[in-house]
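Some notes on the structure that comes next.
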Amino acid sequence: RRRLRSASSCGSRAVAAMAPRRAAAALPSAALLLLPLLLAVASAGLSGYFGTKSRYEEVNPHLLRDPLSLGPAAAESRLPAACAPLQLRALLRHGTRYPTAGQIRRLGELHARLLRRPAAAAAAAAAGCPAAADLAAWQMWYEESLDGRLAPQGRRDMEHLARRLAARFPALFAARRRLVLASSSKHRCLQSGAAFRRGLGPSLSLGSDEVEVEVNDSLMRFFDHCAKFVALVEENDTAMCQVNAFKEGPEMRKVLEKVASALCLPVEELNADLVQVAFLACSYELAIKNVTSPWCSLFSEEDAKVLEYLNDLKQYWKRGYGYDINSRSSCILFQDIFQHLDKAVEESKSSKPISSPLIVQVGHAETLQPLLALMGFFKDDEPLKANNYVRQMHRKFRSGRIVPYAANLVFVLYHCDQVKTSKEEYQVQMLLNEKLMLFHHSNETISTYVDLKDYYKDILENCHFKEECALPKVNITAVDEL
C-alpha cells in the first residue's frame, strides 16, 4: 500500500500524562510595586520565542532603532560593479495581524474563567496571585470581527519593507519600471500588498496607472488546492500525533501547573491549548501595540522555550519536513519562480527590455515554510519529535527566525559583464528577511544561474503538482500508516 512518507512516525500510545498537582506560591507584597518592571523584563525575555507570531524586528533588531535602516547585512552583500540586477522576485508573508476569531474566542474563554471566580481580583490578590488579579482587571478588547485582519503595525511593516528594498535595489525600483503585484485572497494579504505599493510612494511611481493587487491563490495558497495534503495532513488528526504527545508530555505539564498556580486555578481547568492562547496574547500585544501585556507575567523564558517548541512542532509536521507532501505541494510556486527567471534571462540575451523586473507576491507563513523546506533549508539532522525537546534546543528549524510577520524571501537575478565564462554572465542571490542565504551546492551567497538550476533540476523537471497532490486510492488514516 502507498504511504504518506514522514520523517518519523508516532506510536499509537500517547505520552503518559503526569498526575495532576496543584501548587501555591505566594508573592511578597513588595513585589507588587515592582510589577511594571517585572512585566517589562518578562516581555524582553519572551519576545524571541513567539514562533510564527514573532515581530519582524526579532530577526532584524536594528529596525527597532530605525525602521528604514538597511542594517549591517546590506553592506556585506555588494556585488562586483560589473553586475546589474535584472529581476527581483519577492515572496512576502503578510504583516502583523490580529488574532483569528478562534483564538479570540479561546482567549475570551480563559479570561471569563478568571472573572467567574468570586470577587476575582480581590480574592486573587489576597491569595497571593497578583497575576490573576491583573488579568481579571485586564480589558478584553479583541472582537471576533478582527479575525486575522491586518493591524496598523502590519501596514507599517509592509510600507517600510518596500522602502528598504527600493533603497537596496534602486535600479529595479526606478521610475516607470513595471511592478507585478499578486496576493492570496485573504484580506490581510491584499491589504499588505496595497501597503507595500503605498510604501513606494509617488517619488517611486511605477507607471501612470495605479497598480492593482492580483489575487492568485493557486500560487499563494497552493496547500488549499492539494487534495493529498488536505486529506492526509491538514484534516487528519493523527498526522499531528507528535504535537499532541508533546502537549501531554512532562515539559508542557510543568508549564501548565505553573500557570495554574499563578492564576489560582485548579490545574484541571487548564489545558495546553489554553496556556498557548495566554502565551499568544502576550505576543499579540507586543506585536500589535508594542506593549507588555499582563499575560506575559505568567511565563518565564524557560516556559517560552517550551511553548515555542510546541509551535515549531506543529509547523514542522504540518508545513515543514514532517511529511513529504508538505514541501512537494509547493513545487508549483518554485517552478513559477524559475519560469520568470528563465524569461528574464532569455529577454536579456535577446537585448529586449525585461518585461517583469519586479514581481512581488504576498502570502502566508504556510506559503514560505514549505517552499524553504522544498529547497532544503533549515533541516535538522534529527526530526523534531515530542520526546527530543532537550536535544533540539539548538535546532535550525525555528519558525520565528524563518517566518515571522512580514517575512520575505527574495530572488535577485543579475547580468554580469567582464566575466571569464558565459556561464557566469547570469548570477543569482537569495535573501531571507533581507539577509543573504548560503546556497547548498556552493556554500556561497551568490551562484551562477546555470548551477542553481542544475542543483534543483529534479524538482524543476519532475515535481508535478497534479500528480503530487492526487489522493492515493487507499484512504490512509491510521497512525502507523503515517
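The values are calculated or read from the model by the stated rules, or taken from the named source; none is laboratory data. Please read all numbers here as calculations on a predicted model, not as lab measurements. Here Cβ is always computed from backbone atoms with ideal geometry, including for glycine, and neighbour counts include all displayed protein chains. All accessible areas refer to the heavy atoms of the entire protein, side chains included, with ligands and DNA or RNA removed. Shrake-Rupley method; radii C 1.70, N 1.55, O 1.52, S 1.80 Å.
A few remarks follow.
- Looking only at segment 157-180, and only at residues there that are at pLDDT 95 or above and touching a strand residue (DSSP E or B) at 6+ places or on another chain (Cβ under 8 Å), the one that is nearest to Leu86 (Cα to Cα): Leu165
- Candidates Leu310, Leu280 - the one that is aliphatic (A, V, I, L, M) and open to solvent by less than 20 Å² (accessible area, probe 1.4 Å): Leu310
- Pairs with Cβ under 8 Å, 6+ apart, first in segment 349-361 and within 30 Å of Gly95 (Cβ to Cβ), second polar (S, T, N, Q) and open to solvent by 10 Å² or more (accessible area, probe 1.4 Å): Ile354/Ser348; Gln361/Asn216
- Residue selection: Val275 satisfies the criterion of being without any contact (Cβ under 8 Å) to a residue 60 or more places away in the chain, more than 21 Å from Val403 (Cα to Cα) and open to solvent by less than 10 Å² (accessible area, probe 1.4 Å).
- Any hit, segment 431-452, residues being of a type in the set (A, V, I, L, M, F, W, C), part of a helix (DSSP H, G or I), farther than 30 Å from Leu310 by Cα and open to solvent by less than 10 Å² (accessible area, probe 1.4 Å): yes
- Any chance Glu268 is more than 30 Å from Ala151 (Cβ to Cβ) and surrounded by fewer than 21 Cβ atoms within 10 Å (Cβ to Cβ): yes
- Residues within segment 362-377 that are in contact (Cβ under 8 Å) with a residue 60 or more places away in the chain and open to solvent by less than 10 Å² (accessible area, probe 1.4 Å), tallied: 10
- Elements of the type helices (runs of 4 or more DSSP H) sitting completely within segment 307-415 and holding at least 2 residues that are among the polar types (S, T, N, Q) and within 21 Å of the chain's Cα centre (by Cα): these cover 324-328, 365-374.
- Here Asp380 fulfils each of the conditions (1) open to solvent by less than 10 Å² (accessible area, probe 1.4 Å); (2) within 24 Å of Met430 (Cβ to Cβ) apart from (1).
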